[in-house]
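Take a look at the structure below.
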Amino acid sequence: MGCAELAWALAEARTREEVVRKALRLLEEKGVIRCGEAYWVGEDLRLFQMQACRAACPLVERSRHLAEAAARVGNPVVEDTLLALPVSPPGGKPLAILVLSLEAGQKPPEALGALLLLALKRTGLSQAARLLRAQEEERRRVGRELHDGVGSLLTAALLTLKVAERHPARLAEARERVAEALEEVRRLSRELRLPLLDDLGLQEALQRYLEEYRKNGLEVEARLEVPPLPKDKEVALFRVVQEALTNALRHARARKVRVALWAEGDRLFGLVEDDGEGFDPEKTPPSVGLLGMHERVQGLGGSLHLRSAPGEGTRVEFGVPL
Ligand SMILES: Nc1ncnc2c1ncn2[C@@H]1O[C@H](COP(=O)(O)OP(=O)(O)OP(=O)(O)O)[C@@H](O)[C@H]1O
Ligand SMILES: [Mg+2]
């Protein structure tokens, strides 16, 4: 098969998962491989599976072992019809490893490694740009909440105080507005700071966060089995769950939510499900909240699916490498 075809297919991939998915699919379609798997190479050459084979085939059992060997030597490793191909920058450690089960007499195009490198590098860069944009959006959102929430409460308090200069009976009302504004500031800073996470870790912080929801009358069913994780991962996952719950409360008028986080193999899975009004994701433009959830999960090398329909509640599922 030709390199141009491959380059064309990879040019449109937006995430690194998409890069490897598209590459594997094309190789399969062109009859070069029977199937393939892909791993992302992390710190200390730890491998995270990015793309798994769809069928139960002999490759599945042997691919990790082969990928590890290829990561170690930094060169392709061949075993029978299986080929583990590292994708490495010149002189650097591999970014990813592809493990291919080749069709008889086939071999992948010469430029496969170089094209993958180009595509992975490009999505890495655009990922950083997206992250910056997400940060900018987040600031705008905080600005909006300050303006609409705290700002309007304080404006109301100011007006009431003006009236109270002549009618002292209204003082109590002004005091109430200020107290509400203070509560709003507290809520906002609680949402922003995640103080619990620093001290307690994700599992315990989420338990306590859910407790707040229970106090507000929401029925919460939780199954949290979270192993200790690096801090940045914990923050990202907390934010994802937080946004899904906020949406359930804000838009869905849910009575019950189900929250689960659990590890399975080398992945961590998450689920937030509400019994609320639901919506049509095709027709509803996502805002910062939903986009942010996708960004964060993709930033961890994982993927997130949202399923919802009017009248049928909403289900957010995600999986990230451990
Ligand atoms: N659990 C849910 N139930 C019902 N509708 C939802 C749910 N989650 C999201 N939506 C719909 O999808 C839209 C986009 O959600 P998103 O979280 O991106 O934005 P938002 O919550 O409106 O604002 P923000 O950017 O502050 O989060 C919402 O406005 C709402 O219409
Ligand atoms: Mg939202």
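The values are calculated or read from the model by the stated rules, or taken from the named source; none is laboratory data. For clarity, every value in this text was computed on a predicted model and none was experimentally measured. Note that each Cβ is placed from the backbone with ideal geometry, even for glycine, and that neighbours are counted across all protein chains shown.
A few notes on this one:
- Taken together, the residues in segment 88-121 that are free of Cβ contacts under 8 Å to residues at least 12 places away in the same chain and polar (S, T, N, Q) amount to 0.
- Selection of first residues in segment 185-211 that are in the same structural domain as ARG258 (by TED's automatic domain parsing) and of second residues that are modelled with pLDDT of 80 or more and not in a helix (DSSP H, G or I), restricted to Cβ pairs under 6 Å at least 6 apart or on distinct chains, gives the following pairs, ordered by first then second residue: LEU202/VAL226; GLN203/LEU224; GLN203/VAL226; LEU206/LEU224; LEU210/VAL220; LEU210/ALA222.
- LEU24 modelled with pLDDT of 90 or more and assigned to a strand (DSSP E or B): no
- Checking each residue in segment 233-250 for being more than 8 Å from ligand 1 (Cβ to nearest atom) and either in a strand (DSSP E or B) or free of Cβ contacts under 8 Å to residues at least 60 places away in the same chain (or both) picks out GLU234, VAL235, PHE238, ARG239, VAL241, GLN242, LEU245, LEU249.
- Members of segment 291-310 that are assigned to a helix (DSSP H, G or I) and touching a residue at least 24 places away in the same chain (Cβ under 8 Å): LEU291, GLY292, MET293, GLU295, ARG296, VAL297, GLN298, GLY299
- For segment 140-165, filtered to residues that are closer than 15 Å to GLU183 by Cβ and touching a residue at least 12 places away in the same chain (Cβ under 8 Å), the residue that is farthest from ligand 1 (Cβ to nearest atom) is ALA157.
- Residue within segment 251-263 that is within 8 Å of ligand 1 (Cβ to nearest atom) and out of contact with any strand residue (DSSP E or B) (no Cβ under 8 Å at 6 or more places or on another chain) present: yes
- Selection of helices (runs of 4 or more DSSP H) fully inside segment 140-206 by the criterion of at least 3 residues being loosely packed, with under 14 Cβ neighbours inside 10 Å and not acidic (Asp, Glu) returns 152-166, 171-193.
- Residue count for segment 51-93, restricted to those that are surrounded by fewer than 16 Cβ atoms within 10 Å (Cβ to Cβ), out of contact with any strand residue (DSSP E or B) (no Cβ under 8 Å at 6 or more places or on another chain) and either among the basic types (Lys, Arg) or in a loop (DSSP other than H, G, I, E, B) (or both): 7.
- Scanning segment 259-282 for residues that are within 15 Å of ligand 2 (Cβ to nearest atom) and either over 16 Å from LEU224 (Cα atoms) or among the small types (Gly, Ala, Ser) (or both) yields ASP274, GLY276, GLU277, GLY278, PHE279, PRO281.
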